[in-house]
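The values are calculated or read from the model by the stated rules, or taken from the named source; none is laboratory data. Because the structure is a prediction, the values reported are computed rather than measured. Cβ coordinates were reconstructed from backbone atoms using ideal geometry, including for glycine residues, and neighbour counts include every protein chain displayed. With ligands, DNA and RNA removed, areas are computed over all heavy atoms of the protein, side chains included. Shrake-Rupley method; radii C 1.70, N 1.55, O 1.52, S 1.80 Å.
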Amino acid sequence: ERAALRRRLAAELAAARARTRALTHDVFDPDDADFTRQHSPLMSPFHWDVAHIANMEDFWLVRRGAADTDLVDGVREDVDHLYDAFTNPRAGRPALPLLDPDEARVYGDRVRERALAHLDATSFDERRTLAGGFLFGMIVQHEQQHVETMLATHQLRAGAPVLHADPPPPSVVRGLPGTEVFHPGAEFLMGTSSEPFALDNEKPAHPVRVADFWLDAAPVTNAEYARFVDAGGYDDPRWWSPEGWEHIRAEGWTAPMSWERADGRWYRTSFGVREEIPADQPVLHVSFGEAAAYAAWAGKRLPTEAEWEFAARYDHATGTTRRFPWGDEDPTPERANLDQRHLQPAPVGAYPAGASPLGVHQLVGDVWEWCDSGFEGYPGFEPFPYKEYSEVFFGGDFRMLRGSSFGVGTPNARTTFRNWDLPIRRQIFSGFRCARSA
Ligand code: AVJ
Ligand code: FE
């Protein structure tokens, strides 16, 4: 059983690294300016992410005794100050004396060699290591999170396409856009105390009562969102919060990120490819303010995090809280659009095998879904293993996102996973679905 866990973690570490490479060294020569340029002040240069991933693994898997060894020296402690995300805000990262792309790759390889030796040596015994096997799973997820961030950097990069993937599967369930599903209220177990690799903010499991509500059967599509835009939604302050309105006016936003109107149609640029916007795909790259404004225009609202998780996990037939909308088995390519298998969301109705028992589709994968909740710890929250993952963000001006995007790695795709960002951000792979109180 321990050997199986070791194999699984080693495979997940390798898969995360393969994705890192696919977005960096596989597509840019080390001296390509696109490797080290800052494509947007909101993002890091790619070589910062590559070395930050290595440095985080150096700290937690090599130095901090992830295995049954005494604490040991790291591979490189001399660069810690360059890759600390807190002391180095993104906008200032290009000015730092960073490792160059080859140095960053070599650093990552040397750390990985040591980390795998520790994985071979661990007993996964919490009395002998800092956290049993948890740190290995945490580092897998950390690399996967930065891969998604680098994918968002690729989306902001100008120039010819360098990433390629198969198109998403077609819709097979028709009529989902605009359909609402009634959810009878009940008490469910929100969060988790049993997922071994859940991060601190997902814990502990605790009972939450949800009142009767309606939830959209699918994320809001481009065609639905275009009706709001075409009806003058961005010119009417009635639909917007004062801050949301102020932001779209200041930025001159008149549609989702990268949308352009030409010959009476809507176009977008997706990873360097200009294309007509696919009508039935979930709308992508909208801020919380834009999502909330659409919901208000539609006579609805955004779901709370509790409602979202209830819809994704509660099985009304048995009265139990499950891991996923379809049950307890891990996601598969038939159930959810994850792992950058496709470079865009799939049309709604493309994943009938991923639907909930009540018929809510695509809760996992495709697009992150904005929820109308702030970021707080659950009752009994304990920061682990470091306060800067979650706790320092509690009570801030953040809004939550649930459900994972097409860029999320399968190891991160839990229905308990909590993502957050500022309500004005839309360079992330964000969409939404609407709710309505009954
Ligand atoms: C959970 C996506 C908000 O990217 O800022 C990466 C994840 N934390 N390294 C982020 C994270 C530390 C985090 N988000
Ligand atoms: Fe990080």
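Couple of notes before you dig in:
- Check on Arg114, away from ligand 1 (no atom under 16 Å from the Cβ), within 25 Å of the chain's Cα centre (by Cα) and not β-branched (Val, Ile, Thr): no
- The criterion of at least 1 residues that are away from ligand 2 (no atom under 16 Å from the Cβ), hydrophobic (A, V, I, L, M, F, W, C) and under 26 Å from the mean Cα position of the chain (by Cα) is met by the following helices (runs of 4 or more DSSP H) wholly inside region 1-104: 2-23, 33-36.
- All of Leu358, Leu363, Leu343 fail the test of being closer than 22 Å to Met190 by Cβ and within 17 Å of the chain's Cα centre (by Cα), apart from Leu363.
A quick yes/no check of all residues on (1) among the hydroxyl-bearing types (Ser, Thr, Tyr); (2) open to solvent by 40 Å² or more (accessible area, probe 1.4 Å); (3) within 18 Å of His142 (Cβ to Cβ):
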site	(1), (2), (3)
Ala3	no, yes, no
Asp34	no, no, no
Arg37	no, yes, no
Ala85	no, yes, yes
Arg90	no, yes, yes
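- Residue list for region 306-338, restricted to those being open to solvent by less than 10 Å² (accessible area, probe 1.4 Å), assigned to a loop (DSSP other than H, G, I, E, B) and of a type in the set (A, V, I, L, M, F, W, C): Ala336, Leu338
- Taking the criterion of being touching a strand residue (DSSP E or B) at 6+ places or on another chain (Cβ under 9 Å) and either free of Cβ contacts under 8 Å to residues at least 60 places away in the same chain or closer than 24 Å to Asn201 by Cα (or both), the residues of region 292-309 that qualify are Leu302, Pro303, Thr304, Glu305, Ala306, Glu307, Trp308, Glu309.
- Of residues in region 117-152 being away from ligand 1 (no atom under 14 Å from the Cβ) and acidic (Asp, Glu), the one least open to solvent (accessible area, probe 1.4 Å): Asp125
- Subset of region 49-68 that is open to solvent by less than 10 Å² (accessible area, probe 1.4 Å) and farther than 17 Å from Pro101 by Cα - its residue that is nearest to ligand 1 (Cβ to nearest atom): Glu57
- Residue list for region 381-438, restricted to those being open to solvent by 30 Å² or more (accessible area, probe 1.4 Å), among the aromatic types (Phe, Trp, Tyr) and under 16 Å from the mean Cα position of the chain (by Cα): Tyr389, Phe398, Trp420
- Subset of region 6-32 [out of contact with any helix residue (DSSP H, G or I) (no Cβ under 9 Å at 6 or more places or on another chain) and surrounded by 15 or more Cβ atoms within 10 Å (Cβ to Cβ)]: Arg8
- Of all residues in region 393-417, those satisfying the criterion of being touching a residue at least 40 places away in the same chain (Cβ under 8 Å) and either within 16 Å of ligand 2 (Cβ to nearest atom) or touching a His at 6+ places or on another chain (Cβ under 7 Å) (or both) are Phe406, Gly407, Val408, Gly409, Pro411, Asn412, Phe417.
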